[in-house]
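Single-structure report; data block below.
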Amino acid sequence: METLKEVVRPQIAEKLAEEALRREVDAVVAFHDGDVRAAITTLLLDCHHLRLQLAFAERGMGCDMTRGRTQTVERA
């Protein structure tokens with residue numbers, strides 16, 4: 001049986017994580033002077049840029065010539 005301490009701690013951690021994320025979202029929107037569409041556009045462009053950089057890095061890893069394998073990066 002779970003103790004109260006085991007149940008409460010994950011809930012507190014989850015609440016703190018939600019609050020931190022909310023503050024980050026507020027900061028991004030504030031940076032764009034309250035323009036939510038501009039904030040989303042910037043984040044999507046950042047995401048596309050990072051995916052492109054990941055693809056370049058993956059290609060740069062090359063091939064393991066001795067075993068004939070290619071290395072890949074796991075994507076979430």
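Each value in this text was obtained by applying a stated rule to the coordinates, not by laboratory testing. This one's a predicted model, so the numbers in the text were calculated from it and none came from an experiment.
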Seminar exercise, completed: Once residue 25 and residue 37 are pulled to full extension, the length gained, defined as 0.36 nm per residue separation minus their Cα-Cα distance, is 3.1 nm
Seminar exercise, completed: log10 I(q)/I(0) for the stretch 2-61, Debye formula on C-alpha points only (no solvent), q = 0.16, 0.19, 0.20, 0.28 Å⁻¹, two decimals, reads -0.72, -0.78, -0.80, -1.03
